[in-house]
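Written below as structure tokens is the structure these notes are about.
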Amino acid sequence: MTVDLNADYVELASTQYYGWSRINVDQLLPTRKQLDHAEKVAKEYQEKMKDKMKVIYVIPDYFENRPKKCMNGWGNIFLTIAPDGTALPCHAAGQLPGLDFPTVRDHSVEWIWNDSPDFNKFRGLDWMVEPCRSCPEKEKDLGGCRCQAYMLTGDARNADPVCDKSPYHQKLHDDVERIGKLAEDQAFNEKPLVFRNMKNSKQQMEKSKEPATS
């Protein structure tokens, strides 16, 4: 389709497993076999469309051993204004507990960006705990994603479990392998996705935020 549209570039990336996609992670996470196939096809098109279209292929976080510098760093270059006026350092940060993000109804964007306590919460390196604090790669990845750290460990200060230095990394690795085996089960493949509605939203969303256990 992108070839037919003469697109300048296309990015191929997996679902980010936040919110409702986290609840359906068993159905949405690709298997290693699917991932290998997708990477092969992407590389073929990268070569085929060389100098014509840029094809960007992003490996899902859960299959990596080092985290990405999420949003290029908390409150570093991105600012999201929600429909109610709430300012966020990334689109998913509202799920983190204990933070009271400012609103443009009460503060200027300049104050929010420079002086808001929550926009400064995870800036720089001083907030880090081990193993990030003493890691030689901390300036490269800034510990990964704060939202992902919270969802998978229960504490936004922890290292992103994608990192193999995290004590939660093996749990994540085991979960990926478990989901891969589920894909071989015909009965599971016929299981429908859980859709959001007023009856199950609160219960399912709270369940998705339960921290992993080591």
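Couplings 3J(HN,Hα) of segment 28-33, computed from phi: 9, 5, x, 7, 4, 5 Hz, in residue order, whole Hz [Karplus 6.51 cos²θ - 1.76 cosθ + 1.60, θ = phi - 60°; x for Gly and Pro].
For the chain, the relative contact order comes to 22 percent (Cα pairs under 8 Å, sequence separation of at least 6). Among the trypsin sites (Lys or Arg not before Pro) found in segment 87-138, those both in a DSSP coil and sparsely packed, with 14 or fewer other Cβ atoms within 10 Å of their Cβ, are Arg105, Arg123, Arg133. Of the residues Cys70, Gln46, Asn24, the one whose Cα sits farthest towards the positive end of the charge dipole of the chain is Asn24 (charges of +1 on Lys and Arg Cβ, -1 on Asp and Glu Cβ, taken about the Cα centre).
A simple charge model with +1 on the Cβ of Lys and Arg, -1 on the Cβ of Asp and Glu and nothing else charged puts the dipole of the chain at about 180 debye relative to its Cα centre.
The distance between label points at Lys181 and Thr80 comes to 3.5 nm (points 7 Å beyond Cα on the Cα→Cβ vector).
What segment 77-204 shows is 59 Å² of accessible area per residue, with the surface traced by a 1.4 Å probe over protein heavy atoms. Shown here are the Rg and Dmax of the Cα trace of segment 70-157, at 13.1, 41 Å. A Gaussian network model of the chain, with springs between Cα atoms under 10 Å, assigns the largest mean-square fluctuation among Asn158, Asn189, Asn65 to Asn189. Under a Gaussian network description of the chain, with springs only between Cα atoms under 10 Å, the residue in Asp164, Asp61, Asp84 that fluctuates furthest is Asp84. When the Cα atoms of segment 1-135 are aligned to their principal axes, the ranges along those axes come out at 51, 36, 30 Å in descending order. Close amide H contacts of Lys54 (hydrogens built in the peptide plane, cut-off under 5 Å, sequence separation of 5 or more or a different chain): Tyr9, Val10.
What dipole magnitude, in Debye to the nearest 20, does segment 20-81 give about its Cα centre under +1 on Lys/Arg Cβ and -1 on Asp/Glu Cβ? Intermediate values should be presented prior to the final figure.
Numbers: 12 positive and 8 negative charges, 30 e Å.
Here the size comes out at about 140 debye.
Per-residue Karplus couplings for segment 119-133, computed as 6.51 cos²θ - 1.76 cosθ + 1.60 with θ equal to phi - 60°, are listed in order as 6, 9, 4, 10, 7, x, 10, 5, 6, 5, 10, 5, x, 5, 4 Hz, Gly and Pro entered as x.
Would you work out the relative contact order for segment 8-123, in percent, from Cα pairs under 8 angstrom that are 6 or more residues apart?
Numbers: 106 pairs, mean separation 24.8, N = 116.
Once normalised by length, the contact order is 21 percent.
Rg and Dmax of segment 139-199, based on Cα coordinates, read 15.3, 45 Å.
Which trypsin sites (Lys or Arg not before Pro) does segment 25-63 hold that lie in a coil by DSSP with at most 14 other beta carbons within 10 Å? All intermediate terms of the calculation are to be shown ahead of the outcome.
Working: sites: Arg32, Lys33, Lys40, Lys43, Lys48, Lys50, Lys52, Lys54; in loops: Lys50, Lys52.
When the trypsin sites (Lys or Arg not before Pro) of segment 25-63 are filtered for loop state and at most 14 Cβ neighbours within 10 Å, Lys50, Lys52 remain.
Extending 7 Å from Cα along the Cβ direction at Ser108 and again at Arg32 yields two label points whose distance is 5.5 nm. Which is the longest part of the chain that has none of the GluC sites (Glu not before Pro) sitting in a DSSP loop with at most 13 other Cβ atoms within 10 Å? For GluC sites (Glu not before Pro) (loop position, at most 13 other Cβ atoms within 10 Å), the longest site-free span of the chain is 1-136.
The values are calculated or read from the model by the stated rules, or taken from the named source; none is laboratory data. Bear in mind the structure is a predicted one, so any value in this text is a computation, not a measurement. When we count neighbours, we look across all protein chains shown, and the Cβ atoms used for this are built from the backbone with ideal geometry, even at glycine. Calculation scope for accessible area: heavy atoms of the full protein, side chains included, ligands and nucleic acids excluded. Shrake-Rupley method; radii C 1.70, N 1.55, O 1.52, S 1.80 Å.
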